[in-house]
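This report refers to the structure that appears directly beneath it.
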Amino acid sequence: MMAVNGKRLSEAEAIGPTDRHTAAIDKVRAMSRRSQALLAAAGQSESALHWYVIQTETRAEIAVDKLLSDANVEHWLPFMKVEKRRRSGRKKQAREAVSMLAWPGYIFVRMVPSPEAWAGLLTVKGVVGVLGADEKLFPVKHEKVLQLKVFLEGNVIAMGEIASLLKLGQMVRINEGAFATHNGFVSAIDDEAGTLSVDVYIFGRAVPLTLGLDQIDKG
């Protein structure tokens with residue numbers, strides 16, 4: 001399955017307001033109604049939307065999640081299922097699965113990377129900044145966010161969207177496992193199960209593989 005690299009998130013820096021954004025941010029903070037309008041505008045242009053990772057204050061993830069929902073900003077707070085720890089001395093039994101934040105302090109936000117939308121985002125209480133380096137933000141591909149949703153949550157909507165982006169005969173690249181970095185051709189798609197069949201050619205012979213939708217990238 002897809003490896004989740006939490007270290008990369010922790011190593012990136014949260015970029016707060018730069019000099020060129022300071023004036024816009026100050027103006028927005030003084031106008032609460034304008035702030036809400038800017039936030040709503042962050043999701044208006046579909047073609048210009050990109051995913052970014054914002055950093056929140058400690059234990060502010062749920063509150064920020066609600067504020068972004070209220071402002072109609074597309075976002076995703078990742079949760080994952082983990083086995084609940086068993087207390088010592090208790091008899092062995094099936095462990096109960098509980099949900100916990102996949103990356104505490106981080107939320108994915110889909111927005112237009114404009115100074116106005118950026119300024120509006122920074123007015124949200126609990127938001128520290130957006131991950132990047134040297135004043136450049138780190139965009140995340142839409143397909144990668146969909147794959148993470150499938151990997152962490154088994155999100156059926158994400159499965160269907162990934163499947164809709166694939167076609168029979170299309171070349172894809174395997175991103176993990178024994179055949180990682182190999183290219184193959186899609187021979188069947190099962191969006192309900194979240195899997196697809198891929199033919200990988202080794203020494204001139206087709207090797208059929210069944211992979212999860214989160215285990216391939218478009219070629």
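Could you say whether any residue in region 77-94 is hydrophobic (A, V, I, L, M, F, W, C) and at pLDDT below 65? Spell out how you get there, then give the answer.
Here is the first cut: in region 77-94, the residues hydrophobic (A, V, I, L, M, F, W, C) are 77, 79-80, 82, 94.
Add one more test, that the residue is at pLDDT below 65, and what stays is 94.
Yes, because at least one residue in region 77-94 is hydrophobic (A, V, I, L, M, F, W, C) and at pLDDT below 65.
Checking the condition over 22 Å from His50 (Cβ atoms), of a type in the set (Ser, Thr, Tyr) and not assigned by TED's automatic domain parsing to the domain that holds Ala71, which residue from Ser197, Ser164 passes? Walk me through how you get there before you give the answer.
On the way: Ser164 fails: over 22 Å from His50 (Cβ atoms).
From the options Ser197, Ser164, the qualifying one is Ser197.
Here is a yes/no grid of residues against (1) out of contact with any His (no Cβ under 6 Å at 6 or more places or on another chain); (2) among the basic types (Lys, Arg); (3) closer than 13 Å to Gln147 by Cβ; (4) surrounded by 19 or more Cβ atoms within 10 Å (Cβ to Cβ):
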| site | (1), (2), (3), (4) |
| --- | --- |
| Ala158 | yes, no, yes, yes |
| Lys167 | yes, yes, no, no |
| Gly177 | yes, no, no, no |
| Thr181 | yes, no, no, no |
| Val186 | yes, no, no, yes |
| Ser197 | yes, no, no, no |
| Phe203 | yes, no, no, no |
| Gln215 | yes, no, yes, yes |
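Which one is nearest to the chain's Cα centre (by Cα), of the residues in region 171-207 that are in a loop (DSSP other than H, G, I, E, B) and polar (S, T, N, Q)? Break it down into steps so the answer makes sense when it comes.
Applying the first criterion (in a loop (DSSP other than H, G, I, E, B)) to region 171-207 yields 175-182, 191-194, 203-204.
Okay, now just the ones that are also polar (S, T, N, Q), so 175, 181.
Details: Asn175: 17, Thr181: 22 Å.
The residue in question is Asn175.
From the list Val128, Val186, Val124, pick out the single residue that is outside the structural domain of Ala14 (by TED's automatic domain parsing) and more than 16 Å from Trp51 (Cβ to Cβ).
From the options Val128, Val186, Val124, the qualifying one is Val186.
Any residue in region 172-200 that's farther than 23 Å from Gly160 by Cβ and touching a residue at least 12 places away in the same chain (Cβ under 8 Å): show its pairings with residues that are part of a strand (DSSP E or B) and among the charged types (D, E, K, R) at Cβ separation under 7 Å, as long as the two are six or more apart or on different chains.
Cβ pairs passing all conditions: Asn183/Arg173.
The values are calculated or read from the model by the stated rules, or taken from the named source; none is laboratory data. Computed from a predicted structure; not experimentally measured. Positions of Cβ are generated from backbone atoms using ideal geometry, with glycine treated the same way; all protein chains shown enter the neighbour counts.
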